[in-house]
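Have a look at the structure below before the remarks.
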Amino acid sequence: MRLSVWRAGALLLPLLQTNAFAACESAPAPGVIWINCDKRGADLAGADLRGAIMTRIKLENADLSGAMLTGVDLDFATLSGARLDGAMVDNARMVSANLADASLSGAIMNGTTFNRAILTGADLSGAQLANASFYQSDLSDADFSGAVLRGAKLAQARAVSTIFDGADLSRADLQQAILEKASLERTTLRGANLESARLLFADFTSANLAEARLVNADITGAVFAEAALDNTQWVNRRRCRPGSSGECR
């Protein structure tokens, strides 16, 4: 006699729940599946979690410093207050993840996708983020000082009062990004695209904006003291002369 669809589902549900719980109890290992698991405050320092699937996992205040997280899937994960200092997180996914106040100092995250993620107040100083993507992410009050963001995608990102001092944003895409009151002292923005970006009261003191594109950007109150503007395309589409410094000549 065939079981009804409803009865079959009712019988299967406890088994699925048991299997899900068992998966969350799995030891940390490459390729582990921890979907929607609760690992808040877990000590995973130095753990090898390469290729792990950890979507929607809860990792608030967890210690992942020095962990190997290459290629992990952390989409929609909660990592607020977590420590990932010195972790290997290259080519990973953190779409819509919450990394508010997380510490990722010195982490290697080249090619990682943070689209629509929350990184408010996070420490990413000295992090390696070449070709990473932060499309529509909230980076407000985060610290990217000394970070390498060559070729990174920050289009439509919100970076209010964010620190980029001494960072490398060469060829980065910052179209329509909000960089109000951001600090970009000594930042390398050579060839970066800042078209239609909001740069109100941003500080570009001694920054390198050679060959950058600022067409239609709002630079109200922005500071460009001693900034290199060689061949920079200014807000009015005028090309700055080679040797321009501090103002577009």
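Coordinate-derived values only; no laboratory data. Given the structure is predicted, the values throughout are model-derived calculations rather than measurements. Glycine gets a Cβ as well: all are built from the backbone with ideal geometry, and neighbour counts include every protein chain shown.
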(request) Those residues that are assigned to a loop (DSSP other than H, G, I, E, B) and in contact with a Lys or Arg (Cβ under 6 Å, 6 or more places away or on another chain), I need them from the stretch 110-134; list them, please. (result) ALA130
(message) Quick check on the stretch 66-83. Is at least one of its residues within 20 Å of GLY146 (Cα to Cα) and surrounded by fewer than 21 Cβ atoms within 10 Å (Cβ to Cβ)?
(response) yes
(request) Look at THR187 and say whether it is buried (at least 20 other Cβ atoms within 10 Å of the Cβ), within 24 Å of ALA130 (Cα to Cα) and among the polar types (S, T, N, Q). (result) yes
(request) Would you mention how many residues in the stretch 207-249 are acidic (Asp, Glu), surrounded by 15 or more Cβ atoms within 10 Å (Cβ to Cβ) and either outside any loop (DSSP other than H, G, I, E, B) or at negative phi (or both)? (result) 2
(message) From the list ILE53, ILE57, exactly one residue is β-branched (Val, Ile, Thr) and surrounded by fewer than 19 Cβ atoms within 10 Å (Cβ to Cβ). Which is it?
(response) ILE53
(message) Looking only at the stretch 39-97, filter to residues that are aliphatic (A, V, I, L, M), assigned to a strand (DSSP E or B) and out of contact with any Ser or Thr (no Cβ under 6 Å at 6 or more places or on another chain); which one of those is farthest from LEU129 (Cα to Cα)?
(response) ILE53
